[in-house]
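Beneath this line is the structure, given in structure tokens, with notes to follow.
The values are calculated or read from the model by the stated rules, or taken from the named source; none is laboratory data. On a predicted model such as this, the values are computed, not experimentally measured, just so you know. Ideal geometry is used to build each Cβ from the backbone, glycine not excepted, and the neighbour counts take in all protein chains shown.
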Amino acid sequence: MKLFDVYPLNNIAITKAQGSYVWDENGVQYLDMYGGHAVISIGHTHPHWVTRIEDQLEKIAFYSNSVVIPIQQELASKLGRLSGKEDFQLFLCNSGAEANENALKLASFYNGRKKIIAFKKSFHGRTSLAVAATDNPSIVAPVNETDNIIFLPFNDEQALKDCFAEHGKEISSVIIEGIQGVGGINIANDSFLQLIRQLCDANGAVYIADSVQCGYGRSGKFFSHDHAGVNADIYTMAKGMGNGFPVAGILIAPSIQPKHGMLGTTFGGNQLACAAALAVLEVIDNENLINNAKENGNYLMEQLRSIEGLQNVRGRGLMIGFDVPEELKNLKKKLLYDFKIFTGEAKPNVIRLLPSLALNKRQIDDFLDSLNEAIEEIKAERLMQNA
Ligand SMILES: Cc1ncc(COP(=O)(O)O)c(C=O)c1O
């Protein structure tokens, strides 16, 4: 049987990983500044994470949500403490798209409305409503098309006010990434998030903070939306939550009441997933990783700003992007194949850095040295071609 060929692949097989490094099948070491797409939060194969999963596996891996699962409550309590949202409620599922799907659905159950405000360059996942709220028509199948989504320009306060003035009582929810990831590392202004809060309150709409990529401490606060100093009604989480173990969830404000049967999943919240998620929170807490993301992220951004050729260095914590001019368009490939460094990208010309939150200064300096060298080599190659 062949694999369904939907991914443009780098021809590299990763067979081992530790901390911020991965190794291919030939034993070649790579620095991972991509974190497997922002998934690696505490570092690859962290020993505490491995032990906690192994210990849980010896006891029980899965039983369905038809019985009490105490480790879910343990996870909820720890998550409440670390995120500062202790009065919120936790619903567990399996992926970012599923988290957003549940959030949008829950908002609609809550206020009985259908319209959703989403933003240009957003990415919310590939299931039916999540993909409809994603600003990329090429991944929306005809069956997912709906006129319930209103796309507005990102950070445009007037457009948001006008939309609420026209459709206010029809709006079920507003969904927004605190920092757009796939869209190219675009930070939502604090005042924009505050306005969303204010307009949702005034109109009975639900503010959904998509924290799938920008959450879990990556921005230097638990949720990147926290920088604005106002709470959302629902936070969606995935990626960094399990450090590679598939686990996701939504945090739900106390004003939204549950009803039996309203949401559900077979796998969500299983014992093994909860053990992985708890291990992640314990390491984030014990190793002070949110602060590490903030401090090392600031250092990395500062250094990047001094590199000639890189444009619009931006981000928060260890969620960083910069634009690459046309003459350096091979930079990402060169970093990977010649300098053995994984980075991310966003079309058409953004390099995205989404490393483990445990990335240290030495690794940052190694990365910067390689980046400078790679740029020099590309420039030299161009001179040779033009000579
Ligand atoms: C902001 C955001 N939301 C949702 C998703 C979808 O998550 P998943 O791929 O786990 O379904 C992603 C994935 O990249 C994302 O970046």
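Brief remarks follow.
- Hey, Ile117 crowded, with 18+ Cβ neighbours inside 10 Å and at pLDDT 95 or above or not: yes
- Any chance Ala38 is within 16 Å of the ligand (Cβ to nearest atom) and either in contact with a Leu (Cβ under 9 Å, 6 or more places away or on another chain) or among the basic types (Lys, Arg) (or both): yes
- Pairs linking a residue in region 89-109 that is touching a residue at least 40 places away in the same chain (Cβ under 8 Å) and more than 7 Å from the ligand (Cβ to nearest atom) to a residue that is among the small types (Gly, Ala, Ser) and in a helix (DSSP H, G or I), with Cβ atoms under 6 Å and 6 or more positions apart or on different chains, are Leu90/Ala76; Cys93/Ala99.
- Residues (crowded, with 24+ Cβ neighbours inside 10 Å and touching a Ser or Thr at 6+ places or on another chain (Cβ under 8 Å)) located in region 177-199: Glu177, Gly178, Ile179, Gln180
- One residue alone among Ile364, Ile351 is part of a helix (DSSP H, G or I), under 19 Å from Val313 (Cα atoms) and β-branched (Val, Ile, Thr), and that residue is Ile364.
- Condition met for Arg52 (more than 16 Å from the ligand (Cβ to nearest atom), buried (at least 18 other Cβ atoms within 10 Å of the Cβ) and in the same structural domain as Ile234 (by TED's automatic domain parsing)): yes
- Residue list for region 261-300, restricted to those being in a loop (DSSP other than H, G, I, E, B) and closer than 20 Å to Asn102 by Cβ: Gly261, Met262, Leu263, Gly264, Thr265, Thr266, Phe267, Gly268, Gly269, Asn270
- A residue that is assigned to a helix (DSSP H, G or I) and either within 14 Å of the ligand (Cβ to nearest atom) or over 29 Å from Ala273 (Cβ atoms) (or both) can be found somewhere in region 140-155.
- Scan of region 152-167 for residues that are surrounded by fewer than 16 Cβ atoms within 10 Å (Cβ to Cβ) and closer than 18 Å to Arg113 by Cα, ordered by number: Ala165, Glu166, His167
- The requirement of being charged (D, E, K, R) and surrounded by 18 or more Cβ atoms within 10 Å (Cβ to Cβ) is satisfied by Lys221.
- Against the list (1) more than 30 Å from Asn372 (Cβ to Cβ); (2) crowded, with 23+ Cβ neighbours inside 10 Å, the condition Gly240 fails is (1).
- Just one of the listed residues (Glu373, Glu345) is over 17 Å from the mean Cα position of the chain (by Cα), more than 22 Å from Asn291 (Cβ to Cβ), outside the structural domain of Cys214 (by TED's automatic domain parsing) and of a type in the set (Asp, Glu), namely Glu373.
- Counted residues, region 77-128 - those being farther than 29 Å from Ile284 by Cα, of a type in the set (Gly, Ala, Ser) and more than 20 Å from the chain's Cα centre (by Cα): 3
- Which listed residue, of Ala130, Ala107, is surrounded by 17 or more Cβ atoms within 10 Å (Cβ to Cβ), assigned by TED's automatic domain parsing to the domain that holds Ala276, touching an Asp or Glu at 6+ places or on another chain (Cβ under 6 Å) and not charged (D, E, K, R): Ala130
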